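Novice: Quick one: this structure, given as structure tokens, is what I'll be asking you about.
Just so you know, all these numbers are worked out from the coordinates, no wet-lab data involved. Predicted model, so just to flag it, every value in this text is computed and none were measured. Here the Cβ positions follow ideal geometry from the backbone for every residue, glycine too, while neighbour counts run over all protein chains shown.
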Amino acid sequence: MGLPERSKDPVQGFNRWKKKYTKKKEKFKLQRKQKKKPEWQIERESISRLVARYPEINVNEIIKFSDFPLSKKTLKGLLEAQYRMPSEIQKQTIGPALQGKDVLGAAKTGSGKTLAFLIPALECLNRQQWTAHDGLGVLIISPTRELAYQTFEVLRKVGKNHEFSAGLIIGGKDLKHESGRINRTNILVCTPGRLLQHMDETSYFHASNLLMLILDEADRILDMGFADTMNAIVENLPKKRQTLLFSATQTKSVKDLARLSLKDPEYVWVHEKAKFSTPATLEQRYVVCDLQQKVNMLYSFLKSHLKKKSIVFFASCKEVQYLFRVFCRLRPGIPVLALHGKQQQMKRMEVYNDFVRKKAAVLFATDIAARGLDFPAVNWVLQLDCPEDASTYIHRVGRTARYKEGGEALLVLLPSEQKSMVQQLLERKVPIEEIKINPEKIVNVQTRLEAFLAQEQELKERAQRCFVSYLRSVYLMKNKDVFDAFKLPLREYALSLGLAVPPRIRFLQRAWKQGLPIADGKEDALLPGVLRQGGDAGPSVSDDELETFRAHFSEKKPVLQKGEDGAEKETRQLRKDSDNELEEDSEGNTLSEESEGNTLSEKNEIWKEPALPLQFLDEDNEDDDNQDLDFLTVKRRDVFGLDAEAGSFLNAEKELPASKSKKFEKSTRAKNAKKVLKKKFNVNTKSSFTDDGELIQQWPPVQNSAVKEIQDDDDSNGINLDKAKERLHEEDKFDKEEYRKKIKEKHREKRLKEKAARRAKSKKKEADEDEPVVYLGRGEHEEEYDSSTSADASDSFDQEDHRLIKQNISKLEEKTVGRKRTYSSEETGGIREMTPEGKKKKAKNNQEESFVPLDTGLSLLEDEELVLHLLSSQTQ
Ligand SMILES: Nc1ncnc2c1ncn2[C@@H]1O[C@H](COP(=O)(O)OP(=O)(O)OP(=O)(O)O)[C@@H](O)[C@H]1O
């Protein structure tokens, strides 16, 4: 029995199998080829599958991010950034946002609102298979530059697997520089004013394809006076779009905006029914502290929290500026940083990053740091100045106890602020309890401050600005139940800042002079020194006027304007001028104003309105340093003990016609002066010692004078008017010269600073070049890629290359000539056959030296022969 005939021959069997196998393989190949679809098609199908799952999203079933129908790229990004489980606000808003609904979301601070809008934004573009050619698809507006920057960083992190381009437009940079890149971005994170500026000035910037508008901290955007800017922006956007609004606090104004730009929105208020409106992990307390004790308290607090990371909130930039400097000099033993709206953009970023990195430090800040900033591991939030309202309080304390972490907050209240503020907080479901300061633990730093100020005139000026700025901020606060500038112990406060004499506060003084009733005849106690300069008897006013003032200062109703809108605008404007906290570009483009043509002129009209009793405010609204100096003039009328007489002449002046009163005033002054001279008073002097024991006279201020000698021997009785005039003239000349020198010096410093900034800028240029736009899906280097810069780079490379080539040519020429010479002299002894390596080397050299003009076009041997020939003919 043998095997069948066919299987006997193995070769034949193999060939048959091979034929069959190849046929089958080809068939499979063909089938697979037919089945294979373009990538975009596959992607579209997977998107369709995701979209099909949208209606089924059930919040209760969501545990991980992957339970949402999200693209693989987004999920990968989230996972890589260590985000696995969505927070409550994310669970509740991502679903409706994916379904294309408008969303108005609110949740406590630190609950993860940023991802709640970034994830739908990425998915929205992914769903549309958005490309660079499609232009701007998502617009994210933040109230502050820092917050915009932070959002941009989170976007880069979670969106890094997508191919979209993202841009950060926050001002502080050349508009043109941004303009060049703005139209290449798919997702734009920006501040409102700068965006509007681009909409107005960058001709090729348009948002006609926009799919989604996101407003982060929407209520703050409106509070900051951007309502009109926002309206203008919204007008430039397509009507058919999706809008998402997020904030930790919901206010009426947000709802107004929602009505304006949201269609049938989904209201998601995660913690609406929560017992408290602040994080459960946050411990909140307040202390009642006199104004003059605040600085001491702050110092003592820092001394006992050296290993902690704290943020201290102040009401104004100038307080931050002054106290930052002073605390640096006090050396509390912990790094002190400062963040406020008057800093240069670069500086702000530097401070922000610095504080993020530090484990233990204290950040002195204004409310620009109150919203949204996510500094890691902040232990303490100390509010040294009372917040404007409960919302501001909630946002400030929200800088600690973020995302399930713990934190502590301490609010410092003045006795006059306590009742109303605490009540407000309790109404807003803020659990806060009082603690007492242990007076023994308070370290008094006043004398040290005095010494610093005596040493440094600039610091003293800063202290004065700080003083005025704080008072102005209190004065401008709307809620007069909490904030009453007339109840502040000014003299004591000035002393606590290191100032021997309180600067003159014109706006308070005038308000008082105009007849402001001060509670229950307590003016002496409430307005020590500064405001009492005019004497006890203020000008009389009618009952009606008194009522108006009472309404303004003790009620909520402002008297500056005709309608409520105007009032808000005006207060806002003054506050803005006071603090310059609006988040706009450093070129000074406060666009909310610029865009408000009509409103602005309306505002000016309001200020010019003669019938309005507080029109003087327009004089105080300039926040320019020099302007501040102007009303910081220290007047010490009381020095000669003439209070009573001054008071009487003020009264008399009131009753006399203008011309007579002038005359009367003149003669009285001369009389008074003569009296004083006769009495030969010796003015008291005040001196203090510096740290080094150096004696410094603080009062009267030592002044430079042009006519010192004359002054010394000019102590005759009476006043020689001609002489006095002459002296005044001399002094005037001298002062002018001094002033000129000062200005010159200031300009020089400015120039130097600008130069340094330019140098720093050019160093950072490379990094800066590409900052506004990054490509989310590219690696670090690719992200930096920019065609325009690469063109520049190639240009510069070409030039550099060209220069190097030229250099090489001349070097080679020298070398070649040298070598030829050596070579020739070597060869005078006879022709030597070259080794193969030698030939190779020579050939290589010839290649390298192809620019050398000495190439004869002959072969190497022919060359050598030629050289020998020439040499021998030369020697003959
Ligand atoms: N799902 C998550 N898992 C883990 N951490 C998260 C998650 N979502 C957010 N976080 C973290 O929680 C912190 C707070 O998030 P985020 O800044 O978005 O809060 P927020 O609600 O916007 O706060 P605020 O109201 O102060 O602006 C951040 O450090 C963020 O990285």
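Novice: Please compute, over every Cα-Cα pair in region 282-439, the percentage with a separation greater than 21 angstrom.
Specialist: Values: 5065 of 12403 pairs.
Roughly 41 percent, once rounded to a whole number.
Novice: Okay, next question. Can you list the residues, at least 5 places off or on another chain, whose amide H is less than 5 Å from the amide H of residue 165, using H built in the peptide plane?
Specialist: 186, 187, 776
Novice: For region 62-143, run through the trypsin sites (Lys or Arg not before Pro) and keep only the ones in DSSP coil with at most 14 other Cβ atoms within 10 Å of their Cβ.
Specialist: Details: sites: 64, 72, 73, 76, 84, 91, 101, 108, 113, 127; in loops: 64, 84, 101, 108.
Answer in residue order: 64, 84.
Novice: Let me ask something else. Tell me, 395, 747, 198 in order of fewest to most beta-carbon neighbours within 10 Å?
Specialist: The most exposed by this proxy come first: 747, 198, 395.
Novice: Moving to a separate point now. Calculate the FRET efficiency for residue 328 and residue 231 from the Cβ-Cβ distance with a Förster distance of 45 Å, rounded to the nearest 0.05.
Specialist: Details: r = 43 Å, r/R0 = 0.95.
Plugging the Cβ-Cβ distance into 1/(1 + (r/R0)^6) gives 0.55.
Novice: Another question, then. What is the distance, in nm, between label points placed 7 Å from the Cα along the Cα-to-Cβ direction at residue 377 and at residue 26?
Specialist: 6.9 nm
Novice: Taking amide H positions as placed in the peptide plane 1.01 Å from N, state which residues far from residue 338 in sequence (5 or more) or on other chains have amide H under 5 Å from it.
Specialist: Excluding prolines and chain starts, which carry no amide H, the hits are 364.
Novice: What pairs from 239/429; 8/33; 64/273; 72/101; 294/480 go past 30 Å between their alpha carbons? All intermediate terms of the calculation are to be shown ahead of the outcome.
Specialist: Values: 239/429 38 Å; 8/33 38 Å; 64/273 24 Å; 72/101 22 Å; 294/480 21 Å.
Going by Cα-Cα distance, 239/429; 8/33 fall outside the 30 Å limit.
Novice: Between residue 36 and residue 132, how high is the FRET efficiency from 1/(1 + (r/R0)^6) when r is the Cβ-Cβ distance and R₀ = 30 Å? Nearest 0.05. Could you put the intermediate results ahead of the total?
Specialist: Details: r = 27 Å, r/R0 = 0.89.
It comes out at approximately 0.65.
Novice: Trypsin sites (Lys or Arg not before Pro) within region 409-504: which are DSSP loop residues with at most 10 other Cβ atoms inside 10 Å?
Specialist: Of the trypsin sites (Lys or Arg not before Pro), the ones in loops of region 409-504 whose Cβ has at most 10 other Cβ atoms within 10 Å are 436.
Novice: Then there's this: Once label points are set 7 Å from the Cα along Cα→Cβ at both residue 11 and residue 59, what is their separation, rounded to one decimal in nm?
Specialist: Computed distance between label sites residue 11 and residue 59 equals 8.0 nm.
Novice: Enumerate the amide H contacts of residue 407 below 5 Å, restricted to partners 5 or more residues apart or on another chain; note that Pro and chain-start residues carry no placed amide H.
Specialist: Those lying under 5 Å, H to H, from residue 407 are 283, 401.
Novice: Follow-up. For the cross-link pairs 173/347; 37/91; 318/741; 173/750, which exceed 23 Å when the distance is taken from alpha carbon to alpha carbon?
Specialist: With Cα atoms farther than 23 Å apart: 37/91; 318/741.
Novice: Moving on. Taking the alpha-carbon set of region 226-363, what are its Rg and Dmax in Å?
Specialist: 20.6, 58
Novice: Further, regarding this structure: Given charges of +1 on the Cβ of Lys and Arg and -1 on the Cβ of Asp and Glu, with all other atoms neutral, how large is the dipole of region 282-439 about its Cα centre, in debye to the nearest 20?
Specialist: The calculation lands at about 700 debye.
Novice: Need the full-extension length gain, residue 723 to residue 49, defined as separation in residues times 0.36 nm minus the C-alpha distance. One decimal, nm. Don't skip to the answer; put the middle values down first.
Specialist: Values: separation 674, 0.36 × 674 = 242.64 nm, distance 9.69 nm.
Working it through step by step, the gained length comes to 232.9 nm.
Novice: Any chance you could run the full-extension gain for residue 99 through residue 442? It's 0.36 nm times the residue separation minus the Cα-Cα distance, nm to one decimal.
Specialist: The span from residue 99 to residue 442 would gain 117.7 nm if fully extended.
Novice: Give me the orientation-averaged projected area of the Cα convex hull of region 42-269, in nm², one decimal.
Specialist: 11.5 nm²
Novice: Consider just the alpha-carbon atoms of region 359-502 and return their Rg together with their Dmax, both in angstrom.
Specialist: Calculated on Cα positions, Rg and Dmax stand at 16.8, 48 Å.
Novice: Give the residue list of chymotrypsin sites (Phe, Trp or Tyr not before Pro) in region 177-254 that are DSSP loop and have at most 10 other beta-carbon atoms within 10 angstrom.
Specialist: Passing sites in region 177-254 are 204.
Novice: Taking neighbour counts of Cβ atoms within 10 Å as a proxy for exposure, in what order, fewest first, do 74, 366 appear?
Specialist: Final ranking by Cβ density, sparse to dense: 74, 366.
Novice: Then there's this: Find the percent of Cα-Cα distances in region 127-232 that exceed 16 Å, and round it to a whole number.
Specialist: Of the Cα pairs, 56 percent sit more than 16 Å apart.
Novice: Further question: So what J values fall out for region 347-359 if you push phi through Karplus, 6.51 cos²θ - 1.76 cosθ + 1.60 with θ = phi - 60°, rounded to Hz, Gly and Pro as x?
Specialist: Karplus values, whole Hz, x for Gly and Pro: 5, 4, 5, 4, 5, 4, 5, 4, 5, 4, 6, 6, 8.
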